[in-house]
Amino acid sequence: MTSLLDKIDRGNVPAHVAIIMDGNGRWAKQRSLDRSEGHVEGVNTVRRITEAASEVGVKYLTLYAFSTENWNRPQDEVDALMHLIVIAIERETPDLIKNNVRLAMIGDFDRMPAEALNRLRRCMADTAHCTGLTLNLALSYSARWEITEAVRAIATDAVKGKIAPADINSETVDRYLTTSSMPDPDLLIRTGGDKRVSNFLLWQIAYSEIYITDIFWPDFSKEDFFRAILEYQSRERRFGLTSEQLTK
Ligand code: IPE
Ligand code: IPE
Ligand code: MG
């Protein structure tokens with residue numbers, strides 16, 4: 001069987017793919033398993049899709065792993081997820097290095113349990129030299145939290161005289177966001193079928209192409225990922241212009 005990978009135009013691969021990894025709980029429920037089993041299986045998908053993204057030449061892969069709102073889930077589930085992060089990072093670090101993948105993280109570090117944060121920090125340091133894919137985990141992240149922090153930092157710098165209010169423009173805002181070192185996502189994927197953005201990268205997805213699939217995250221395969229990229233390649237990104245202007 002030829003893979004969809006072969007059909008992908010290597011000259012038009014999205015530089016940044018962002019994914020709302022949803023449906024772990026429903027995947028587990030379908031099988032009469034505990035929700036946490038769905039999260040365990042979801043980690044295997046993270047591994048698979050990180051590989052797929054590297055294979056196709058994506059430069060940044062941002063995965064929404066835990067939202068600010070997810071702290072309000074039952075404590076058992078939150079604890080299981082945080083524990084899973086510790087185990088998964090520990091297990092996967094050697095392969096990340098081998099595959100030249102650099103780990104990054106966006107989110108409210110202060111709310112993360114110390115053990116998970118330490119593991120993540122160690123893995124970020126251990127992979128800092130990697131030059132292939134950047135795997136960017138959104139943990140304890142929400143876009144409203146991020147934008148609020150950026151506004152606070154801009155206001156603080158304005159009071160200190162480091163920035164003049166009249167000079168604040170959209171690039172200024174970009175610089176104060178947690179994603180300042182990355183291009184905006186070209187493609188936003190949501191698994192699990194819900195048609196909403198759930199407080200993810202609200203500023204940065206202004207012109208992202210959106211791809212939603214009913215497939216639950218634990219079932220999301222490399223071929224499904226390649227299918228999303230092929231769909232992306234069939235879209236015309238107009239950025240507010242007319243189609244005629246683009247072909248001129
Ligand atoms: C996404 O799966 C993972 C996290 C939010 C941590 P869910 O746990 O939200 O799964 P569903 O949406 O309930 O199926
Ligand atoms: C979005 O999924 C957050 C993550 C994937 C981490 P949720 O399951 O939390 O989103 P809602 O509640 O369906 O909007
Ligand atoms: Mg969900």
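For chymotrypsin sites (Phe, Trp or Tyr not before Pro), the sites in segment 157-203 that DSSP calls loop and that have at most 15 other Cβ atoms within 10 Å are Trp203.
Accessible surface calculations at 1.4 Å, restricted to protein heavy atoms, place segment 13-233 at 47 Å² per residue. Within the chain, what whole-number % of the accessible surface is contributed by carbon and sulfur, with the 1.4 Å probe and all protein chains included in the calculation? Carbon and sulfur together cover 51 percent of it. Normalising the Debye intensity of segment 13-233 to I(0), with uniform scatterers on Cα atoms only, and taking log10 at q = 0.07, 0.09, 0.14, 0.17 Å⁻¹ returns -0.22, -0.36, -0.88, -1.30. Taking θ as phi - 60° and the Karplus parameters 6.51, -1.76 and 1.60, the scalar couplings of segment 60-72 work out to 10, 10, 9, 10, 7, 9, 6, 8, 3, 5, 5, 4, 8 Hz in sequence order, x denoting glycine and proline. Among the GluC sites (Glu not before Pro) found in segment 161-248, those both in a DSSP coil and sparsely packed, with 14 or fewer other Cβ atoms within 10 Å of their Cβ, are Glu236.
For the chain, the dipole from Cβ point charges (+1 on Lys and Arg, -1 on Asp and Glu) about the Cα centre works out to 260 debye, to the nearest 20.
Distance between the 7 Å Cα→Cβ label points at Arg111 and Arg91: 2.6 nm.
Close amide H pairs (under 5 Å, H built 1.01 Å from N) link Met182 with no residue at least 5 positions away or on another chain. Report the trypsin sites (Lys or Arg not before Pro) located in segment 19-116 that are in a DSSP loop and have at most 15 other Cβ atoms inside 10 Å of their Cβ, or state none. Answer by residue number: Arg31. In terms of its alpha-carbon gyration tensor, segment 1-141 comes out oblate; a/c meets the 1.5 threshold, while b/c is at least as large as a/b. Sequence-distant contacts, meaning Cα pairs under 8 Å at least 6 residues apart, place the relative contact order of the chain at 29 percent. In order along segment 91-100, the phi-based Karplus estimate (6.51 cos²θ - 1.76 cosθ + 1.60, θ = phi - 60°) of 3J(HN,Hα) comes to 5, 8, 3, x, 6, 4, 4, 4, 8, 6 Hz; Gly and Pro are listed as x.
Farthest towards the positive end of the charge dipole of the chain, among the residues Ala114, Thr2, Val17, is the Cα of Val17, using unit charges on the Cβ of Lys, Arg, Asp and Glu.
For segment 180-227, take N as its residue count and report Rg(C-alpha) divided by 2.2 N^0.38 Å. Here the answer is 1.22, to two decimals.
Cys123 sits among other residues whose Cβ lies under 9 Å from its own Cβ, and their net charge, with Lys and Arg +1 and Asp and Glu -1, is 0.
Close amide H pairs (under 5 Å, H built 1.01 Å from N) link Phe200 with Ala143, residues at least 5 positions away or on another chain.
In plain terms, the chain from Ile147 to Glu55 could stretch by 29.9 nm, reckoned as 0.36 nm per residue minus the Cα-Cα distance. Projecting the Cα atoms of Tyr176, Ala228, Asn199 onto the dipole axis of segment 112-248, where Lys and Arg carry +1 and Asp and Glu carry -1 at the beta carbon, places Tyr176 farthest toward the positive end.
The values are calculated or read from the model by the stated rules, or taken from the named source; none is laboratory data. Model, not experiment: these values are computed from the prediction. Note that we place each Cβ from the backbone using ideal geometry, even for glycine, and neighbour counts take in every protein chain shown. Protein only, heavy atoms only, side chains kept; ligands, DNA and RNA dropped before computing areas. Shrake-Rupley method; radii C 1.70, N 1.55, O 1.52, S 1.80 Å.
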